[in-house]
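Chemist: If you scroll down you'll find the structure; I have some questions about it.
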Amino acid sequence: MINNSLPSIIAIDGPAASGKSTLGRSLAERLGYLFFDTGVMYRAITWIALSLDMDLRDEAAVTKLAEEAQIDVRPPSKQDGRAFDVIAGNRDITWDTRAADVEGNVSVVSAYPGVRRALSAQQRRIGLRGSIVMVGRDIGTVVLPEADLKVYLDATAEERAKRRYNELIQRGEKADYEEVLKKVIERDRIDSTRAVAPLRPADDAMILDSDKMNAEEVLEHVLELCK
Ligand code: CDP
């Protein structure tokens with residue numbers, strides 16, 4: 001903590017589409033902190049592997065890719081709803097990382113222990129600098145267990161699928177609610193049953209059920225916790 005006042009390292013974890021990124025982004029903005037969405041790194045590795053036509057079941061090859069890939073997350077260069085730019089090589093892959101085939105495969109990639117080792121070491125190094133809101137699945141449990149404030153943001157699968165569905169429609173994409181729900185449930189199943197760093201609340205996390213709260217209410221609640 002800085003001067004016993006605001007928490008310096010804030011970890012936000014939770015299942016798919018629970019509103020972690022929305023909360024993380026607005027919280028970081030209000031506190032003047034860096035917002036770091038770790039899911040982007042797993043998504044970027046998945047996108048690169050798919051674009052190279054790699055067999056995602058080839059754990060050794062995917063792990064090597066995660067160890068060697070140059071992924072850059074930079075301040076946003078466009079005002080198209082993005083919170084940051086995701087760059088692989090010289091290519092802007094920000095929106096590619098949100099594509100359906102990435103979403104459908106990312107949990108397989110993120111379950112590989114070597115992939116997690118490579119990415120979480122980078123995340124930890126950045127997180128330890130402080131004045132940061134870091135969002136993911138294992139930030140409070142594995143990446144930054146010393147975080148000053150840990151929030152586990154939850155909501156029912158139906159509510160989360162509704163939010164992700166609306167997000168896709170707003171971006172002008174085609175979406176089917178039942179399909180989105182099925183994918184959200186499947187991703188949670190893989191994320192919470194993997195051997196390494198499974199999705200679960202840290203023992204000292206504040207669990208926040210956001211089913212009946214809008215984004216503004218969630219933000220105000222967490223700002224109260226920060227005090
Ligand atoms: O935004 P959404 O909650 O749908 O997903 P995300 O936070 O971008 O994470 C995408 C995927 O990356 C998750 O389903 C996990 O498989 C993986 N992930 C992880 O394993 N550990 C993290 N710290 C962050 C994401």
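The values are calculated or read from the model by the stated rules, or taken from the named source; none is laboratory data. These figures come from a predicted structure and were not determined experimentally. Cβ atoms come from the backbone with ideal geometry, glycine included; neighbour counts cover every protein chain shown. For accessibility, only protein heavy atoms count, side chains too; no ligands or nucleic acids. Shrake-Rupley method; radii C 1.70, N 1.55, O 1.52, S 1.80 Å.
Chemist: Only bridges with both residues in the chain count here: give the DSSP antiparallel percent, nearest 5. Don't jump to the answer; show the numbers that get you there.
Modeler: On the way: 6 of 23 bridges.
That works out to approximately 25 percent antiparallel.
Chemist: Let me check I've understood the local charge: for residue 76, count other residues with C-beta under 10 angstrom from its C-beta, Lys and Arg +1, Asp and Glu -1. What total comes out?
Modeler: Numbers: positive: 74, 78, 82; negative: 80, 85.
Net charge around residue 76: +1.
Chemist: Calculate the all-directions average of the projected area of segment 90-166's alpha-carbon convex hull, and give it in nm².
Modeler: Details: hull surface 28.0 nm².
Mean orientational projected area (segment 90-166, Cα hull): 7.0 nm².
Chemist: Then there's this: For the peptides 208-216, 6-14, what is the packing order when you average, over each peptide's residues, the other Cβ atoms within 10 Å and list the highest mean first? Provide the component values of the computation, followed by the final result.
Modeler: Numbers: 208-216: 13.9, 6-14: 24.4.
Ranked by mean Cβ neighbours within 10 Å, highest first: 6-14, 208-216.
Chemist: Could you give the nm distance between label points at residue 195 and residue 77, where each point is 7 Å from its Cα heading toward the beta carbon?
Modeler: A separation of 4.0 nm, rounded to one decimal place.
Chemist: Leaving ligands, DNA and RNA out of it, rank 224, 179 by accessible area with a 1.4 Å probe, largest first. Before the final figure, lay out each step's value.
Modeler: Working: 224 110, 179 75 Å².
So the residues, ranked largest to smallest area, are 224, 179.
Chemist: Averaging sequence separations of C-alpha pairs under 8 Å and six or more residues apart, then dividing by the length of the chain, give the relative contact order as a whole percent.
Modeler: Working: 346 pairs, mean separation 73.5, N = 227.
Normalised by residue count, the contact order of the chain is 32 percent.
Chemist: Heavy atoms only, probe 1.4 Å: what % of the accessible area of the chain goes to carbon and sulfur, would you let me know? Walk me through the numbers before you get to the answer.
Modeler: Working: 5760 of 11470 Å².
It is 50 percent, rounded to a whole number.
Chemist: To continue, here is another question. For residue 5 and residue 215, what does the FRET efficiency come to when R0 = 22 Å and r is the distance between their Cβ atoms, rounded to the nearest 0.05? Don't skip to the end; give the middle numbers.
Modeler: Working: r = 25 Å, r/R0 = 1.13.
The calculated FRET efficiency here is 0.30.
Chemist: While we're on this one: Between segment 7-42 and segment 187-207, how far is it from one alpha carbon centroid to the other, in angstrom?
Modeler: Segment 7-42 and segment 187-207 have Cα centres separated by 16 Å.
Chemist: Based solely on C-alpha atoms, express the radius of gyration and the Dmax of segment 1-88 in angstrom.
Modeler: Both quantities, over Cα of segment 1-88: 16.0, 51 Å.
Chemist: What would the Debye equation give as log₁₀ I(q)/I(0) for the chain at q = 0.09, 0.12, 0.13 Å⁻¹, counting only Cα atoms as equal point scatterers?
Modeler: Taken in order of the listed q values, log10 I(q)/I(0) reads -0.34, -0.63, -0.75.
Chemist: Leaving out ligands and nucleic acids, and using a 1.4 Å probe, what accessible area per residue does the chain come to in Å²?
Modeler: On the way: 11470 Å² over 227 residues.
Accessible area per residue: 51 Å².
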